[in-house]
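Novice: Here's a structure for you.
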Protein chains: 2
Amino acid sequence: MEKQTITIYDVAREANVSMATVSRVVNGNTNVKPATRKKVLEVIDRLDYRPNAVARGLASKKTTTVGVIIPDMTNMFFASLARGIDDVAAMYKYNIILANSDSNGEREVQVLNTLLTKQVDGIIFMGNEITPELRDEFRRTKTPIVLAGSIDEENVNPSVNIDYVAAVQEEVKNLIDRGNKKIAFVCGPLSQAINSKYRLKGYKEALKSAGIPYDEKLVFETDNSYKSGMLLQPALSSMGVTAAMVSDDELAAGIMNGMTDAGVKVPSEFEVITSNDTKIAEIVRPKMSSITQPLYDIGAVAMRLLTKLMNNEEVTEKNVLLPYGLMKRDSTK
Amino acid sequence: MEKQTITIYDVAREANVSMATVSRVVNGNTNVKPATRKKVLEVIDRLDYRPNAVARGLASKKTTTVGVIIPDMTNMFFASLARGIDDVAAMYKYNIILANSDSNGEREVQVLNTLLTKQVDGIIFMGNEITPELRDEFRRTKTPIVLAGSIDEENVNPSVNIDYVAAVQEEVKNLIDRGNKKIAFVCGPLSQAINSKYRLKGYKEALKSAGIPYDEKLVFETDNSYKSGMLLQPALSSMGVTAAMVSDDELAAGIMNGMTDAGVKVPSEFEVITSNDTKIAEIVRPKMSSITQPLYDIGAVAMRLLTKLMNNEEVTEKNVLLPYGLMKRDSTK
DNA sequence: CTGAAAGCGCTAACAG
DNA sequence: CTGTTAGCGCTTTCAG
C-alpha cells in the first residue's frame with residue numbers, strides 16, 4: 001500500500017550494473033560505454049525511475065534550489081523581478097523557494113535561516129531595507145547572497161540595481177526646466193536607504209543645481225500604497241505644489257487619481273512622475289510618465305550573478321547598475 | 001577553509017547524550033527529561049547548531065515544502081492566490097517552491113516532475129487548463145495535489161474555486177435588466193474549460209432566461225492581456241454592443257481604455273464588468289465593476305486543504321466553492 | 001527516559 | 001569504462 005519508491009539500486013540490479021554506473025548515466029557522465037548507457041536508460045524508462053533530489057542533495061551538498069526573499073509578491077515591482085529570477089533559475093536548472101517577508105526585519109531573519117536550513121545553494125534578497133541584524137546574518141553564512149533591486153548602504157553583498165540618484169535627479173531637473181517651482185517628493189519610509197540616501201539625494205541635487213532652496217515641507221513620507229496616495233491630495237494642494245516625483249507606481253496612481261478627483265487637471269495643473277514603470281503606469285489615465293527600470297532584467301541579472309557565485313566563478317562586477325530610462329507619457333507636460 | 005558544518009553528532013558528543021536524544025529535543029518530542037533537554041538546548045545554542053533539513057527530509061521522507069505551479073506570478077490574479085498560499089504555508093511551517101509555467105502544458109508536466117523529484121510533500125496547481133497529459137501525471141503520483149482557482153473538468157482533484165457560472169450569470173442578468181440588448185462576452189481562450197464550460201455557460205443561461213437569442217458573433221475570444229483589450233474596440237463598436245462581460249481585469253482595462261480613447265462614454269454608452277477584482281479594477285478610471293472573488297482566500301483555503309491531505313486527515317468537502325460577490329463601481333450604470 | 005544501530009537514496013573517491 | 005565502499009546528517013525502531 002505504501003509508495004513503492006524505486007531506487008537507483010533497483011535500476012542497477014535490473015540492468016546488471018553497479019549503482020555507480022547508474023548514477024553516472026543519470027548525471028550525464030561521459031565515461032560510460034554507449035551500450036551500457038543504453039541498457040541503463042532502458043531500465044530507467046521501464047521502471048519509471050526518478051532520482052530522489054533530496055538524497056542527491058544530501059550526498060552532493062547541492063540542492064539546485066535557491067531561496068528568494070521578497071517583500072510581497074503581490075507588488076508588481078517585486079513580482080516582475082521575481083519573474084526574471086525564476087526564468088533564469090529555470091534556465092540553469094534551479095528552482096526557487098519564494099518567501100514573502102512583508103519587509104519585516106524579524107521575519108526576514110527567520111526566513112533567511114529556514115532557507116539556510118534547507119540548504120539552498122544561494123539566496124536572492126529583495127527588500128527595502130537591510131536591518132543590522134539581517135546584515136549580521138548575511139555575514140555569518142557562506143551561502144552566496146545577491147541583492148536585487150535593493151540597497152545595502154554598506155555595499156557588502158553583490159547587487160543589481162539602477163542608479164536611483166541619477167534617475168531621480170534627471171526627472172526632477174526636467175520638471176524644473178518646464179517651469180515647476182514647487183515640486184513635491186513623495187516616497188515610502190525614509191528609514192529605507194533607497195528613499196533617503198538615494199532618491200531624495202537625487203531630488204536635492206536637482207534642486208541645488210537649479211538654485212532652488214530645499215524645502216522639507218515638500219517631502220512627503222508615506223507608505224507605498226494606492227490608498228495613501230489618494231489621501232495625499234489635500235496636503236499636496238495646500239502646499240501649492242505643481243508637480244510630484246513619486247517613488248512607487250501604486251502610490252503615484254493614488255496621488256494622480258486623488259488630484260483628478262479633486263478637480264486638479266493632470267498634467268496641466270499638476271505633473272506626476274513615477275519610478276517603477278510597472279503595468280499600472282500604462283493602465284491609468286492619464287498614463288504616467290515614469291523612470292523606466294528593466295525590472296525583469298534586474299531579477300534575471302541578479303540570478304545570473306548568483307549562478308556564477310554558486311559556481312565559484314570569477315565575478316568582476318560585484319555591484320551591477322543596469323541602465324534606466326525616462327518614459328514620457330501623459331502625466332507630464 | 002571549508003564550511004565547518006556542525007552536526008547532530010557534535011551536539012550529542014558535547015552534551016554527553018546520544019544523537020537520538022538530540023533529535024528528540026530538536027523535534028520537540030516530549031519524552032525527554034527536562035534536565036537533559038536543557039543541557040542539550042544549551043549545547044545547541046553554544047555551538048549554533050542548525051539541523052540540516054535535507055538530511056532530515058531523506059530520513060523522514062518529509063520535506064516540509066510544497067510545490068506551487070503558477071501560470072505567471074506577474075499576473076495579479078494568480079499572485080494574489082499565491083500570497084494566500086504562502087501565508088498559510090508559513091503558518092504550518094511549510095515553504096513553497098514557486099514555478100512559473102506560462103500555462104504551457106509541456107512546461108507544466110516538466111515542472112510537476114521536477115517538483116516530485118524534489119520530494120515536495122504536496123502541490124498546488126494553478127492553471128487555466130489541464131491537459132490530458134498533465135491529468136495523467138496527476139493520477140500517477142501519490143503526492144496530494146490541489147487546484148486553486150483552476151478548473152478540472154473531470155473533477156478528480158480537490159479544488160478551491162468560486163461558482164463561475166452563477167457569478168457570470170448574475171452579472172449578465174443585471175446587464176440585461178438595465179436594458180442592454182447586445183452584450184459582448186470577452187474572454188481568454190475557449191479551449192480553457194473555465195471560459196467555455198463555465199463563464200460562457202453563465203452568459204448563455206442569462207440570455208436564455210431573458211429570452212435573448214445567443215449570438216456567437218458577440219463572443220470575443222482573445223488572450224487575457226491589456227493590449228488585446230485595447231485592440232478590441234473597433235470590433236466591439238462595429239457589432240453595436242452596449243456592454244461587455246470580461247473574464248480578466250487587465251483585458252477589461254484594455255477594453256475600457258480602448259473604448260474611452262475612441263470617444264465611447266463608459267458607462268453611459270458602454271458598460272463593462274470584469275471578473276477578478278484585482279487592484280487594477282480600482283485604479284483605472286472609471287473604476288470597474290467586478291465580480292469579486294476572495295483571491296487571497298482561495299489560495300489560503302487551498303493550502304489549508306493541502307495540509308489536511310498531507311496529514312492524511314479526513315476531508316469532507318473535496319471541491320470547495322467560496323462565496324463570490326458583485327461589486328458595483330463606475331463602469332456600469 | 002535514553003542509547004544503539006540500521007537505514008533514507010544517492011554521490012564520490014578510489015581501485016581496478 | 002566500471003564496481004566497491006564509504007559516507008552525507010538525520011529519523012526511527014527496538015531494546016533496556
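Bear in mind that the values in this text are calculations on the coordinates, not laboratory data. What you see is a predicted model, and the numbers here were worked out from it, not measured in a lab. Cβ placement follows ideal geometry from the backbone for every residue including glycine, while neighbour counts extend to all protein chains displayed.
Novice: Along each of its three principal axes, how wide is the spread of alpha-carbon positions in the protein assembly as shown, in whole angstrom units, largest first?
Specialist: Sorted from largest, the Cα extents of the protein assembly as shown read 75, 70, 56 Å.
Novice: Mind listing the Cα extents of region A:164-265 along all three principal axes, in Å, largest one first?
Specialist: 34, 30, 20
Novice: Past 28 Å, Cα to Cα, is the threshold; run A:227/B:265; A:227/A:265; A:279/B:201; A:197/B:93; A:265/B:181 against it and keep the listed order.
Specialist: Listed pairs above 28 Å: A:279/B:201; A:197/B:93; A:265/B:181.
Novice: Output wanted: per-residue J couplings in Hz (rounded whole) for region A:318-333, from phi through Karplus 6.51 cos²θ - 1.76 cosθ + 1.60, θ = phi - 60°, x for Gly and Pro.
Specialist: 7, 10, 7, 10, 8, x, 10, x, 10, 9, 7, 10, 9, 9, 10, 6
Novice: Here's a follow-up. Through the Karplus equation 6.51 cos²θ - 1.76 cosθ + 1.60, θ set to phi - 60°, convert the phi angles of region B:257-272 into ³J(HN,Hα) values in whole Hz; use x for Gly and Pro.
Specialist: Using θ = phi - 60°, the values come out as 5, x, 5, 4, 4, 8, x, 7, 7, 10, x, 4, 9, 8, 9, 9 Hz.
Novice: Helix A:34-47 versus the longest principal axis of chain A: what angle, 0 to 90°, nearest 10, using Cα atoms?
Specialist: Once rounded, one gets 80 degrees.
Novice: Another question, then. Per q in 0.20 Å⁻¹, report the Debye log10 I(q)/I(0) for region A:233-333, using one uniform scatterer on each alpha carbon and no solvent.
Specialist: Here the Debye-derived log intensity ratios amount to -0.90.
Novice: So, one more: With 5 Å bins from zero, work out the P(r) of region B:40-84 over every alpha carbon pair and list the percent per bin.
Specialist: With 5 Å bins starting at 0, P(r) equals 5, 17, 13, 10, 12, 13, 12, 8, 7, 2.
Novice: Taking the 0 to 90 degree range and rounding to the nearest ten, how far is the long axis of helix B:105-117 tilted relative to the main principal axis of chain B, both from C-alpha atoms?
Specialist: Between helix and principal axis, roughly 20 degrees.
Novice: Over 20 Å apart: what share of the alpha carbon pairs of region A:275-333 falls there, rounded to a whole percent? Present the calculation step by step, with values, prior to reporting the outcome.
Specialist: Numbers: 721 of 1711 pairs.
Roughly 42 percent, rounded to a whole number.
Novice: Right, here's the next one. Going Cα to Cα from residue B:62, which aspartates and glutamates come in below 17 Å? Please leave out same-chain ones fewer than 8 positions away.
Specialist: A:2, B:121, B:313
Novice: Averaged over B:49-58, how many beta carbons belonging to a partner chain fall within 10 Å of each residue's beta carbon?
Specialist: Partner-chain Cβ atoms within 10 Å, mean over residues of B:49-58: 6.
Novice: Another question about this same structure. To the nearest whole percent, what portion of all C-alpha pairs in region B:90-214 is separated by more than 23 angstrom?
Specialist: For region B:90-214, the share of Cα pairs beyond 23 Å comes to 43 percent.
Novice: So, one more: So how long is each side of region B:8-51 along the principal axes, counting just the alpha-carbon atoms, biggest first, in Å?
Specialist: 23, 18, 15
Novice: How large is ³J(HN,Hα) for each residue in region A:139-152, as worked out from phi by the Karplus curve 6.51 cos²θ - 1.76 cosθ + 1.60 (θ = phi - 60°), to whole Hz, x for Gly and Pro?
Specialist: These are the phi-based 3J(HN,Hα) values: 6, 6, 8, 8, 5, x, 10, 10, 9, 10, x, 9, 9, 10 Hz.
Novice: Let me ask something else about it. Residue B:208: which aspartates and glutamates have alpha carbons under 18 Å from its alpha carbon, excluding same-chain residues fewer than 8 sequence positions away?
Specialist: Partners within reach: B:170, B:171, B:177, B:216.
Novice: Could you give the dipole magnitude of region A:8-51 about its Cα centre, charging the beta-carbon of Lys and Arg +1 and that of Asp and Glu -1, in debye to the nearest 20?
Specialist: 200 debye
Novice: Within region B:1-127, what percent of beta bridges assigned by DSSP are antiparallel, to the nearest 5?
Specialist: Of those bridges, close to 0 percent are antiparallel.
Novice: Shifting gears a bit: Quick check: pseudo-label points 7 Å beyond the Cα along Cα→Cβ at residue B:48 and residue A:36, how many nm apart are they?
Specialist: Between residue B:48 and residue A:36, the label points sit 4.4 nm apart.
Novice: Continuing with this model, one more query. Radius of gyration and Dmax for chain A's Cα atoms, expressed in Å?
Specialist: Rg, Dmax (Cα atoms, Å): 25.4, 84.
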